[in-house]
Amino acid sequence: MTRWRPTGALSRCLAVGVLGLGLAVGFGDAVLVVLTAPFLLLAALGIVHRPSTRPHVDAQVDHLSMHEGQGTRSRLLISDLDGVEQVTRMATPASFVATHPAHGRIGRLVTDNSSLPVLEISPRRWGRRILGHEDVALTSRWAGYRWGPVALVGNQLQVLPVRAPYASRAEAPQPLGLVGAHRSRRVGSGSEFSGIRPFQAGDRLRRINWRVSLRSRNLHVVTARAEEDAGVLLVVDALADHGRSGGLEGAESSLDVTVRACAALAEHHVRRGDRVSLRVIGPRRVSSVAFGTGERHLRSLLGQLSMVGPGEPRTFGRERPFFGVTGGTVVIVLSPMLSDAVATATATLVQRGLPVVVIDTLPTGMALEVAEGTDPVVAGLAWRMRVLERDQVLARLASLGCPVVAWRGAGTVDDVMRRLARRAQLPQVRAR
């Protein structure tokens, strides 16, 4: 049970004071009384100011959800500070969580709740981050008594992937929505110029081109292409994490590149008004996100991405990960392409006639991690063979008409989307 207990300083003051006073009486030396009197005075002040309260200590974080790299504060909540002079807290370090001060130990003289020591924290990687356990101790006036240390359980933070600056001017290859920013192949009431034709019954008068009409002596109107939204399916490969993550400012693993790139693409397409869906191939704790738009939908996408972690799924079929994909949907697969199952599913989508883009998220210059007891030469040879097999898989996907590009931030898929849009406008021969 937590209670106010004498500190070591109070015990030492009492011991030195009593011993000095006893020697002074035994030897009849008044100098010993003068030397030990300050210790007795400090001990008496500590005993007189002994607190009689039973404070309750708790910790609270200002923000439980944030993006990696952002900062927040962990504050103490103490029910009764009567008789408390100093508060000391010591937090244990947590993975991918930076603190200020860096060692996690801070103490301060307090008068009220506003003067309690505050610990600044900043998560450095996306995911579910649990702050380290910490011990909090309260000290009474004149350092006579101490309450605790009280052990506090660390709070859990939901760290969303950082939204890297990303912009793209490319249009969707086959937009089939209602209202959006992509040019449609059909004529409509958009703002993109399509052509000039003779006036027909039902045409709007504001569409009349008077210059051409006066020159040809017949009314002509300007036609425009409709503007529609597009469906975008983001497929995340979370079967494994290749490389070692160093946090936000350190080296990136394959899963770091995948999740951050997916977050950037999701935000970009949601801002443009497209319908975005998410499918994670990996552990079952991450659920799929259906097609949707708006800020709330973007928050849901980022929340599911923060729960991504490497792990083998229980069942993985060829059609199940992409169930519900209809024509006109752009499929963007973010994967290091080191799994045969992901490659097979991607090829199946391409053969169904959907516009598919593969973004290669394998980090360049990744250091090979060798398990203990494994020959580095054998491990390096096996990795080179695996990379050669991966290159063959990428070449086969490219031969099927599926472009493969490496993630490089803004403009990664611009050229690919333009080529897919031109391909969609070409006449196609379909077998019946």
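The values are calculated or read from the model by the stated rules, or taken from the named source; none is laboratory data. This one's a predicted model, so the numbers in the text were calculated from it and none came from an experiment. Quick reminder, even Gly has a Cβ in these numbers, built from the backbone with ideal geometry, and neighbours come from all protein chains shown.
Points worth noting:
Condition check ((1) among the basic types (Lys, Arg); (2) surrounded by fewer than 16 Cβ atoms within 10 Å (Cβ to Cβ); (3) in the same structural domain as Leu81 (by TED's automatic domain parsing); (4) at pLDDT below 85) across all residues:
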position: Ile121; (1), (2), (3), (4): no, no, yes, no
position: Arg129; (1), (2), (3), (4): yes, no, yes, no
position: Tyr145; (1), (2), (3), (4): no, no, yes, no
position: Ala151; (1), (2), (3), (4): no, yes, yes, no
position: Gln174; (1), (2), (3), (4): no, no, no, yes
position: Asp203; (1), (2), (3), (4): no, no, no, yes
position: Arg206; (1), (2), (3), (4): yes, yes, no, yes
position: Leu214; (1), (2), (3), (4): no, yes, no, no
position: Asn218; (1), (2), (3), (4): no, yes, no, no
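- Qualifying residue in the stretch 51-66 (condition: surrounded by 14 or more Cβ atoms within 10 Å (Cβ to Cβ), in contact (Cβ under 8 Å) with a residue 40 or more places away in the chain, in a loop (DSSP other than H, G, I, E, B) and in contact with a Gly (Cβ under 6 Å, 6 or more places away or on another chain)): yes
- Looking only at residues in the stretch 267-311 that are among the basic types (Lys, Arg) and in a loop (DSSP other than H, G, I, E, B), the one that is nearest to the chain's Cα centre (by Cα) is Arg285.
- Filter pass, Val393 being aliphatic (A, V, I, L, M), within 20 Å of Glu252 (Cα to Cα) and assigned by TED's automatic domain parsing to the domain that holds Ala251: no
- Positions within the stretch 79-105 being in a strand (DSSP E or B) and either surrounded by 19 or more Cβ atoms within 10 Å (Cβ to Cβ) or among the acidic types (Asp, Glu) (or both), in sequence order: Val84, Glu85, Val87, Arg89, Ala91, Val97, Thr99
- Of the residues making up the stretch 17-33, not a single one is touching a Pro at 6+ places or on another chain (Cβ under 7 Å) and either assigned to a helix (DSSP H, G or I) or charged (D, E, K, R) (or both).
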